């Protein structure tokens, strides 16, 4: 599964989670760190990524546009990169299953 980490998440997650989510990247690394949500949404859809974000707008886009692309919506306030990494590791099965789920298109992590 290829994840695209949104600008509100640390770029360090790419390397820290490479063992579980190889071929993942950060919006900064693909020139989208200043892009509007719709541009990121289009990139994700065209390139087979799942967006990982803390931004509610991507959840709304998922409801309005449907999937793919899929969204991993992290529903936590301010927290460390380590806490985000732990959350993504703990919920690997739900994230991986999301790719096969043609109905929901979104998984919320608390």
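Between region 46-60 and region 66-96, how many Å separate their Cα centres?
With region 46-60 and region 66-96 each reduced to a Cα centre, they are spaced 11 Å.
In whole Å, what three semi-axes, largest first, describe the equivalent ellipsoid of region 1-48 built from its Cα gyration tensor (square root of 5 times each eigenvalue)?
Its equivalent ellipsoid spans semi-axes of 18, 13, 7 Å.
Which length gain, in nm to one decimal place, applies between residue 101 and residue 79 when the Cα-Cα distance is subtracted from 0.36 nm times their residue separation?
Extra length available between residue 101 and residue 79 comes to 5.1 nm.
Between residue 93 and residue 34, what FRET efficiency follows from the Cβ-Cβ distance if R0 is 35 Å, with the result rounded to 0.05?
Efficiency for this residue pair is about 0.55.
Normalized C-alpha radius of gyration of region 3-109, against 2.2 N^0.38 Å?
Here the Cα radius of gyration is 0.96 times the empirical estimate.
Laboratory data are not the source of any read-out in this text; all were calculated from the coordinates shown. A quick note: this is a predicted structure, and the numbers were derived from the prediction, not measured. So basically every Cβ, Gly included, is an ideal-geometry build from the backbone, and we count neighbours across all protein chains shown.
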